[in-house]
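Input: a single structure, listed below in structure tokens.
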Amino acid sequence: FRILKSGGRFVSSTACLGSNLRVLTPLVAFGKAIGKLPQLHFMSRQDLLKSLTRAGFIIEDDWQPQKGAAVFIIARRPL
């Protein structure tokens, strides 16, 4: 948010695996500790949208194809 100019847009395609996979958190932490996995956060589409609006973005559009985890978002930093 802070690196965008006023009115700048943020475009994202994010895999939202939902809260169902949070049981894998210890395994993911271990994989990251040994250098085999990147940092992962399990969140739902709603979690992602909330985090962007809390950061100050205005959500202009968001959609998620019926089959798939990808959530597409276009957000804007207010003027």
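Mean residue ellipticity at 222 nm from the helices of the chain, using -39,500 (n - 2.57) per DSSP H segment of n ≥ 4 over the full residue count, to the nearest 500 deg cm²/dmol?
It lands at -7500 deg cm²/dmol.
Could you work out what % of the accessible surface of the chain is carbon and sulfur, using a 1.4 angstrom probe and leaving DNA, RNA and ligands out of the count?
Working: 3400 of 5760 Å².
For the chain, the apolar C and S fraction of the accessible surface comes to 59 percent.
Given a 1.4 angstrom probe, what's the average accessible area per residue across the chain, in square angstrom?
Each residue of the chain exposes 73 Å² on average to a 1.4 Å probe.
What trypsin sites (Lys or Arg not before Pro) in segment 45-74 are in a loop by DSSP, with at most 14 other Cβ atoms within 10 Å of the Cβ?
In loop regions of segment 45-74 (DSSP not H, G, I, E or B), the sparsely surrounded trypsin sites (Lys or Arg not before Pro) are LYS67.
Work out the FRET efficiency for VAL11 and LYS36 from their Cβ-Cβ distance, taking R0 = 25 Å, and round it to the nearest 0.05. List each step's numbers first, then the result.
On the way: r = 29 Å, r/R0 = 1.18.
Efficiency, from the Cβ-Cβ distance: 0.25.
Determine Rg/Rh for segment 38-77; Rg is computed over alpha-carbon atoms and Rh is the Kirkwood hydrodynamic estimate from the same atoms. Walk me through the intermediate numbers first.
Working: Rg = 10.9 Å, Rh = 11.0 Å.
With Rh from the inverse mean 1/r over Cα pairs, Rg/Rh is 0.99.
Please state, rounded to one decimal and in Å, the Kirkwood hydrodynamic radius that the chain gives when every pair of distinct Cα atoms enters the mean of 1/r.
14.0 Å
Roughly how many nanometres apart are two label points built 7 Å out from the Cα toward the Cβ at LYS50 and VAL23?
2.2 nm
The values are calculated or read from the model by the stated rules, or taken from the named source; none is laboratory data. Everything numeric here is computed off the predicted structure, so don't read it as measured data. Every residue, glycine among them, receives a Cβ derived from its backbone with ideal geometry; neighbour counts consider all protein chains shown. Note: areas computed on protein heavy atoms with side chains; ligands, DNA, RNA excluded. Shrake-Rupley method; radii C 1.70, N 1.55, O 1.52, S 1.80 Å.
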